[in-house]
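The values are calculated or read from the model by the stated rules, or taken from the named source; none is laboratory data. Quantities reported herein were computed from a predicted structural model and do not represent experimental measurements. Cβ placement follows ideal geometry from the backbone for every residue including glycine, while neighbour counts extend to all protein chains displayed. Side chains included, ligands, DNA and RNA excluded: accessible areas come from the protein's heavy atoms. Shrake-Rupley method; radii C 1.70, N 1.55, O 1.52, S 1.80 Å.
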Amino acid sequence: MTTLGTRPLDSFVDNDQKPVGYGRMLRKEDPRFVRGLGHYCDDIQLPGMLHMAILRSPYAHARIVSIDASAALAHPKVKAVVTGADLAEKGLAWMPTLSNDVQAVLATDKVRFQGQEVAIAVAEDRYAARDALDLIDVEYEPLDPVVDARRALEPGAPVIRDDLEGKADNHCFDWETGDEAATQAVFDAAEVVVSQDIVYPRVHPAPMETCGCVADYERVSGKLTLWTTSQAPHAHRTLYALVAGLPEHKIRVVSPDIGGGFGNKVPIYPGYVCAIVASLVLNKPVKWMEDRSENLISTGFARDYLMRGEIAATRDGKILAVRTHVLADHGAFNGTAAPVKYPAGFFGVFTGSYDLEAAYCKMTAVYTNKAPGGVAYACSFRITEAVYLVERIVDCLADELGMDPAELRLRNLIRPDQFPYTTKTGWVYDSGEYERALRLAMDMVGYDELRKEQAERRARGEMMGIGISFFTEAVGAGPRKDMDILGLGMADGCELTVHPTGKAVVRLSVQTQGQGHETTFAQIVAEELGIPPGDIEVVHGDTDQTPFGLGTYGSRSTPVSGAAAAMVARKVRDKARIIASGMLEVSVADLEWEKGAFGVKGDPGKSVTIQDIALRSYGAGDLPEGLEGGLQAEVCYNPENLTYPFGAYVCVVDVDRGTGQVKVRRFVAVDDCGTRINEMIIEGQVHGGLTDGVGMALMEMIAFDEEGNCLSASLMDYLIPTALEVPDWQTGHTVTPSPHHPIGAKGIGESATVGSPPAIVNAVVDALSPMGVRHADMPLTPARVWDAMQGHPTPPV
Amino acid sequence: MHVSMTVNGEPVAREIEDRLLLVHFLRDHLGLTGTHWGCDTSNCGTCVVWLDGEPVKSCTVLAAMADGHEVRTVEGLERDGELDPVQQGFMQCHGLQCGFCTPGMMMTARALLDRNPAPSEEEIREAISGQICRCTGYATIVRSVQWAAAYEASQAVGSSA
Ligand code: FES
Ligand code: FES
């Protein structure tokens with residue numbers, strides 16, 4: 001163990017690097033956070049503020065017979081109780097979801113999942129609001145629930161969504177991609193075909209800060225201010241305008257500091273709408289903060305795909321085709337947050353990183369009596385599921401062929417000269433050097449030596465496993481011709497103003513939940529304009545102060561808003577060039593840009609800095625003809641394509657033969673996210689995602705009993721990795737810039753969440769393979785590993 | 001009921017409900033919102049403060065139990081305008097992302113270093129194992145605490161020389 005006293009400080013970090021542009025830089029947001037001066041939703045205290053609490057259904061499926069709130073209303077501190085019937089009178093009992101379905105704000109007819117919102121109480125303090133819930137008497141008539149997605153379409157299954165006119169079953173949607181006939185032909189002719197049932201269980205993002213809001217309606221101005229845990233403040237504002245009929249310019253949505261999002265804070269939840277209603281009705285600010293069990297049982301879950309994967313190959317290991325059938329459990333309402341034309345998100349990239357002849361996917365989605373959601377937990381619009389499927393089935397093929405899984409991947413990865421590469425499901429991968437990344441990961445981990453060590457340990461009866469995954473991500477939604485959320489195109493605005501003294505403010509539509517936007521975006525502008533990042537203020541998260549855009553999720557901030565920030569800075573630079581030509585009395589063509597200044601070509605002594613130009617742009621004296629004063633610009637960036645980050649991960653595990661306990665001994669992650677803006681922040685994003693991966697692979701699952709009771713309603717039951725379950729991560733990188741992105745950056749937010757679960761599961765299965773195990777489903781808890789060791793792996797559902 | 005205690009060195013006294021939790025007392029009554037709340041079951045540790053110098057989960061302590069005692073919160077880590085080395089370490093080593101778990105992590109780390117100025121990686125992981133960070137993956141938190149330990153060691157060497 002390192003002794004700390006002897007270790008020099010600068011061996012930990014390079015403190016002095018203050019880049020004017022890209023490079024390691026300490027975060028601008030940290031000075032407030034380390035002092036406890038972050039400003040999160042629950043920190044907001046307004047004069048006269050009331051507190052709201054939500055009464056939730058104890059049943060998964062039941063008819064509401066009656067609600068009696070009289071005792072609650074008699075409580076001296078209670079100001080209001082609102083039920084679904086009250087909302088129905090105002091036409092607000094139902095709201096649209098982000099997938100064009102509807103969701104009950106407060107249940108009117110039936111409750112459709114345990115934890116569904118039934119009534120709210122508003123009181124003078126948070127404890128009294130909770131007390132009031134105990135005083136509301138609801139009579140339910142329990143109905144049979146549909147818990148198992150595989151039984152949802154059985155004839156005679158109870159119909160959950162009888163609110164939808166003419167609905168007589170629990171079918172949600174069908175979706176397919178690829179060429180069914182061509183894929184069948186390849187499978188028919190293939191020398192080797194392997195198939196495997198694979199479950200991606202329901203999991204939950206569980207950010208450390210739960211969801212909540214403070215709604216403040218000001219009667220005289222008619223203005224509603226909503227401080228809220230939202231990853232997409234602009235989209236939320238527009239939806240509130242459409243749902244509640246409030247004029248959009250009279251709604252201000254503010255996302256203050258947010259304690260983690262991971263997709264959990266993309267949807268609009270009934271609680272937000274109820275708090276708004278309460279503020280409108282009571283003419284007071286109203287705060288609502290979930291408790292942890294509310295967060296786990298009612299807000300956006302993730303995954304819940306039951307997949308059958310099939311792979312066709314030649315005997316010598318050329319992969320020919322991948323086919324999958326998926327049963328998707330969407331819960332009681334289709335609350336998936338994905339671009340409208342992509343009901344299964346970007347699951348279409350299930351062809352992975354391989355050069356295939358054919359591919360086909362058929363998906364059926366169903367309603368069940370579980371919480372709505374479906375896209376959350378850094379899933380990159382379902383790419384987690386897609387990558388898990390293909391990386392697991394490729395390992396199954398390696399097992400069938402008796403080939404090393406690294407060797408099998410190296411044989412089949414898309415080659416650099418094949419980019420841009422159009423997959424058999426129509427995705428155009430922008431750039432990649434896949435083999436280089438995989439070889440780097442294998443070198444870093446010492447792959448060949450590990451295999452030798454494994455053989456020795458096996459000979460001693462020890463269970464050690466090595467797992468590989470290679471993933472291609474698709475992020476930065478998206479081109480507006482293809483992608484919108486409820487009709488809102490997924491382009492992002494950005495505004496930049498350089499003040500007279502050369503300090504700048506950049507206004508973004510995206511919102512940070514810990515990703516460090518205040519730093520990264522200052523660095524992007526700094527790189528383009530040569531203004532130190534410390535002189536650039538990043539304004540975000542407030543719809544009154546920022547241009548329109550779709551928000552932070554699906555790793556889209558750097559790919560979309562990062563591009564917007566670079567483009568707006570270039571626009572400012574173009575104007576600065578014209579001003580500089582006037583100042584230096586030369587033609588624009590005679591100027592050259594050196595980061596931070598325009599100089600005259602061939603005359604090294606003559607130049608003006610961006611700060612000089614800024615002052616001139618506002619100052620006395622004429623500007624070049626036709627030019628307005630000031631130095632600012634705005635853009636709305638519409639991405640031409642998605643960006644496609646990729647990576648190669650290797651995981652080493654030890655499995656305890658006596659208990660089935662899995663220990664992640666080592667993990668090497670090589671990521672390629674194109675141009676790298678801030679090394680430190682990128683590494684942090686990767687570490688976080690790898691930890692998510694350990695959670696999903698080994699610990700986390702939202703489970704239900706046959707009545708539809710949620711068995712994972714607290715952090716005692718829903719296990720999240722602590723510092724003891726994860727190793728010290730080893731990261732590496734390659735750089736393959738995106739050819740179409742203005743700065744070549746691809747995004748990194750979800751790569752590790754996407755890439756790590758298959759590496760871990762592949763490692764565990766590798767450890768168990770001498771016992772004849774080819775697959776075991778997540779979460780690989782000691783009990784499930786033990787079952788697999790005994791030869792009867794149990795699926796989690 | 002009436003409670004009085006010392007919070008970050010300042011005496012405070014308030015009338016409160018008997019059932020009030022210390023975390024809510026600090027946040028809602030004293031406006032010290034650096035201490036957070038993240039679960040119903042004493043699992044997350046975003047609420048960690050010191051009670052008489054020992055880290056406690058303030059969601060699991062009644063304000064009444066702190067009556068007559070000394071409480072220190074994240075707001076009390078900085079002394080005379082100088083950040084505690086732990087705070088500096090978290091900034092230097094990217095020990096935080098969203099910052100929500102950070103105050104609790106830093107309070108535990110400070111208490112650890114006070115007892116054990118040169119903890120091993122395992123000792124640091126063990127010390128924070130009752131707390132959850134959903135963002136960082138912990139390795140950078142470990143490095144942050146190591147940074148603070150090394151910094152303090154270097155200061156001690158400097159002053160004894
Ligand atoms: S709030 Fe989670 S442990 Fe205190
Ligand atoms: S920094 Fe977000 S929970 Fe730790």
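What to note about this one:
- B:E126 closer than 28 Å to A:V668 by Cβ, facing chain A (nearest Cβ under 8 Å) and free of Cβ contacts under 8 Å to residues at least 60 places away in the same chain: yes
- Selection of segment B:20-49 for residues being away from ligand 2 (no atom under 16 Å from the Cβ) and open to solvent by 30 Å² or more (accessible area, probe 1.4 Å) yields B:L21, B:D28, B:H29, B:L30, B:G31, B:L32, B:D40, B:T41, B:S42.
- Annotation note: Cβ proximity below 8 Å between a residue of segment B:37-49 that is at the interface with chain A (Cβ under 7 Å from one of its Cβ atoms) and a residue that is open to solvent by 30 Å² or more (accessible area, probe 1.4 Å) and near ligand 1 (Cβ under 6 Å from one of its atoms) (sequence gap 6+ or interchain) occurs for B:T46/B:W37.
Yes or no, residue by residue, for (1) without any contact (Cβ under 8 Å) to a residue 12 or more places away in the chain; (2) out of contact with any Asp or Glu (no Cβ under 9 Å at 6 or more places or on another chain); (3) open to solvent by 30 Å² or more (accessible area, probe 1.4 Å); (4) of a type in the set (A, V, I, L, M, F, W, C):
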| position | (1), (2), (3), (4) |
| --- | --- |
| A:V586 | no, no, yes, yes |
| A:A589 | yes, yes, yes, yes |
| A:W593 | no, yes, yes, yes |
| A:A597 | no, no, no, yes |
| A:P604 | yes, yes, yes, no |
| A:S607 | no, no, yes, no |
| A:G619 | no, yes, yes, no |
| A:E625 | yes, yes, yes, no |
| A:E628 | yes, yes, yes, no |
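- The strands (runs of 3 or more DSSP E) found wholly in segment A:615-716 and carrying at least 1 residues that are within 14 Å of another protein chain (Cβ to nearest Cβ) and within 30 Å of A:P416 (Cα to Cα) occupy A:646-655, A:662-672.
- Positions within segment A:464-489 being charged (D, E, K, R) and open to solvent by 10 Å² or more (accessible area, probe 1.4 Å), in sequence order: A:R480, A:K481, A:D482, A:D484
- Residues of segment A:674-693 that turn out to be buried (at least 24 other Cβ atoms within 10 Å of the Cβ), closer than 26 Å to B:S144 by Cα and in contact with a strand residue (DSSP E or B) (Cβ under 7 Å, 6 or more places away or on another chain), as a count: 3
- Residues of segment A:490-516 satisfying the condition of being of a type outside the set (A, V, I, L, M, F, W, C), more than 16 Å from ligand 2 (Cβ to nearest atom) and either closer than 19 Å to A:G562 by Cβ or open to solvent by 10 Å² or more (accessible area, probe 1.4 Å) (or both): A:D492, A:G493, A:E495, A:T497, A:H499, A:P500, A:T501, A:K503, A:R507, A:S509
- Hits in segment B:74-92 (condition: open to solvent by 10 Å² or more (accessible area, probe 1.4 Å) and under 21 Å from A:G516 (Cβ atoms)): B:L83, B:Q88, B:M91, B:Q92
- Contacts under 7 angstrom Cβ, first residue in segment B:102-118 being within 8 Å of another protein chain (Cβ to nearest Cβ) and free of Cβ contacts under 8 Å to residues at least 40 places away in the same chain, partner more than 16 Å from ligand 2 (Cβ to nearest atom) and basic (K, R), 6 or more apart: none
- Residue in segment A:642-664 that is within 24 Å of A:M442 (Cα to Cα) and surrounded by fewer than 24 Cβ atoms within 10 Å (Cβ to Cβ) present: yes
- Subset of segment A:59-80 (residues that are free of Cβ contacts under 8 Å to residues at least 60 places away in the same chain, open to solvent by 20 Å² or more (accessible area, probe 1.4 Å) and not small (G, A, S)): A:L73, A:P76, A:K77
- Candidate set: segment B:2-47, residues that are closer than 25 Å to B:C135 by Cβ and among the hydroxyl-bearing types (S, T, Y); chosen: the one farthest from ligand 1 (Cβ to nearest atom): B:T33
- Out of A:E191, A:E218, sole residue that is without any contact (Cβ under 8 Å) to a residue 40 or more places away in the chain and away from chain B (no Cβ under 14 Å): A:E218
- Selected residue (criterion: nearest to ligand 1 (Cβ to nearest atom)) from residues of segment B:74-96 that are in contact with a helix residue (DSSP H, G or I) (Cβ under 6 Å, 6 or more places away or on another chain) and of a type in the set (S, T, N, Q): B:Q87
- Any hit, segment B:64-73, residues being surrounded by 20 or more Cβ atoms within 10 Å (Cβ to Cβ), away from ligand 2 (no atom under 16 Å from the Cβ) and part of a loop (DSSP other than H, G, I, E, B): yes
- Where strands (runs of 3 or more DSSP E) fall wholly inside segment A:443-554, the ranges with 1 or more residues that are of a type in the set (S, T, Y) are A:463-472, A:492-498.
- So A:K90, is it surrounded by fewer than 22 Cβ atoms within 10 Å (Cβ to Cβ) and away from chain B (no Cβ under 14 Å): yes
- Residues of segment B:98-130 classified as away from ligand 1 (no atom under 13 Å from the Cβ), assigned to a helix (DSSP H, G or I) and not β-branched (V, I, T), total: 14
- Residues in segment A:429-452 that are acidic (D, E) and open to solvent by 50 Å² or more (accessible area, probe 1.4 Å) were compared, and the one that is nearest to A:F419 (Cα to Cα) is A:E433.
- Any chance A:Y377 is within 22 Å of A:Y644 (Cα to Cα), part of a loop (DSSP other than H, G, I, E, B) and open to solvent by less than 10 Å² (accessible area, probe 1.4 Å): yes
- Residue in segment A:224-242 that is more than 25 Å from the chain's Cα centre (by Cα) and under 22 Å from A:G48 (Cβ atoms) present: yes
- Segment A:196-215 - residue that is in contact with a strand residue (DSSP E or B) (Cβ under 7 Å, 6 or more places away or on another chain) and over 21 Å from A:R382 (Cα atoms) and, of those, nearest to the other protein chains (Cβ to nearest Cβ): A:E209
- Residue list for segment A:33-81, restricted to those being closer than 28 Å to A:H540 by Cβ and away from chain B (no Cβ under 14 Å): A:M52
- Among the residues of segment A:380-411, those that are surrounded by fewer than 20 Cβ atoms within 10 Å (Cβ to Cβ) and either β-branched (V, I, T) or not in a helix (DSSP H, G or I) (or both) comprise A:G402, A:M403, A:D404.
- The selection criterion, being of a type in the set (K, R), at the interface with chain A (Cβ under 8 Å from one of its Cβ atoms) and either open to solvent by less than 10 Å² (accessible area, probe 1.4 Å) or away from ligand 2 (no atom under 12 Å from the Cβ) (or both), holds for B:R143.
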